[in-house]
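Participant: The structure that follows is given in the form of structure tokens.
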Amino acid sequence: MTGFYWEEFEVGQRHPTYGRTITEGDLSFFCAYVGYHVPLFIDEHAARKSRFGGRIVPSAMIMAISTAMTESLYRDTMVGQLSIENGKFLAPVRPGDSIHNTVEVLSKRETRNPEHGLVVFRDHVTNQDGVTVFQVDKATLVARQPA
């Protein structure tokens, strides 16, 4: 089994993930795949006229990639995600930026079902310069260790 069980998570723990560079190809594929035809994402010339001074990565893409980066924490122990709250996109991510995610355990509690417990995690997503670009809280059900 890969991942931590409910009993192994402690409030205050921080779990760093691997880093990932978001390439031009990633951005182009994502925008084409989901149908984002927004000039800010796909047209460098038009995006240069924006307040960002160039193309940026869509928030949904940042959230998807940063969430995928956490999978080693509970690849086989995640029962389900109950909510996503307090999401904040704090700084732009551009093609060529590398992001990292540090997952903080905010709280945990038992549930009525003895097979799993509730854990609330906060993702702290930073770029290559250490600037926080995204933060979000996720309430999840995590399997308990087998008896």
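Participant: Rounded to the nearest 0.05, what FRET efficiency is calculated for Y33 and D129 with R0 set to 35 Å and r the Cβ-Cβ distance? Intermediate values should be presented prior to the final figure.
Facilitator: Details: r = 28 Å, r/R0 = 0.81.
Calculated transfer efficiency: 0.80.
Participant: What distance in nm lies between label points placed 7 Å from Cα along the C-beta direction at H15 and L106?
Facilitator: Simple spin-label model gives 1.6 nm for this pair.
Participant: While we're looking at this one, here's another question. Report the trypsin sites (Lys or Arg not before Pro) located in segment 17-67 that are in a DSSP loop and have at most 16 other Cβ atoms inside 10 Å of their Cβ, or state none.
Facilitator: Details: sites: R20, R48, K49, R51, R55; in loops: K49, R51, R55.
Those satisfying the criteria are K49, R51.
Participant: What 222 nm value per residue comes from the helices of the chain, counting each DSSP H run with n ≥ 4 as -39,500 (n - 2.57) and dividing by all residues, nearest 500 deg cm²/dmol?
Facilitator: So the calculated ellipticity at 222 nm is -5500 deg cm²/dmol.
Participant: OK, next. Over the chain, what relative contact order in percent results from Cα pairs under 8 Å that are six or more residues apart?
Facilitator: Dividing the mean separation by the residue count of the chain yields 32 percent.
Participant: Based on DSSP loop calls and a cut-off of at most 14 other Cβ atoms within 10 Å, the longest stretch of the chain free of exposed GluC sites (Glu not before Pro) is what?
Facilitator: Values: sites that count: E10, E115.
The reported range is 11-114.
Participant: Select from segment 1-43 those chymotrypsin sites (Phe, Trp or Tyr not before Pro) which occupy a DSSP coil region and have at most 15 other Cβ atoms within 10 Å, ordered by residue number.
Facilitator: Within segment 1-43, the qualifying chymotrypsin sites (Phe, Trp or Tyr not before Pro) (loop, at most 15 other Cβ atoms within 10 Å) are Y18, Y36.
Participant: Just to confirm the filter: which trypsin sites (Lys or Arg not before Pro) across segment 77-147 are DSSP coil and have at most 12 other Cβ within 10 angstrom of their Cβ?
Facilitator: R112
Participant: Rank P58, V79, A47 by how far each Cα sits towards the positive end of the charge dipole of segment 6-143 (+1 on Lys, Arg Cβ; -1 on Asp, Glu Cβ) and give me just the farthest.
Facilitator: A47
Participant: I want the local charge near L118. Using Cβ-Cβ distances under 15 Å, sum +1 for each Lys or Arg and -1 for each Asp or Glu among the other residues.
Facilitator: Local net charge: -1.
Participant: At a Förster distance of 22 Å, what's the computed FRET efficiency of I42 paired with A68, Cβ-Cβ distance as r, to 0.05?
Facilitator: So the FRET efficiency works out to roughly 0.50.
Participant: Under 19 Å between alpha carbons, and skipping anything fewer than 8 positions from K88 in its own chain: which lysines qualify?
Facilitator: Within reach: K138.
Participant: Which aspartates and glutamates have a Cα less than 18 Å from the Cα of K108, not counting those fewer than 8 places away in the same chain?
Facilitator: K108 reaches E7, E8, E10, E85, D123, D137.
Participant: Work out the charge dipole of the chain with +1 on the Cβ of Lys and Arg and -1 on the Cβ of Asp and Glu about the Cα centre, then indicate which of G35, S98, H116 is farthest towards its positive end.
Facilitator: Final value for the positive-end residue is G35.
Each value in this text was obtained by applying a stated rule to the coordinates, not by laboratory testing. None of the values given here were measured: they were computed from a predicted structure. For neighbour counting, all protein chains shown are included, and Cβ atoms are generated from backbone atoms with ideal geometry for every residue, glycine included.
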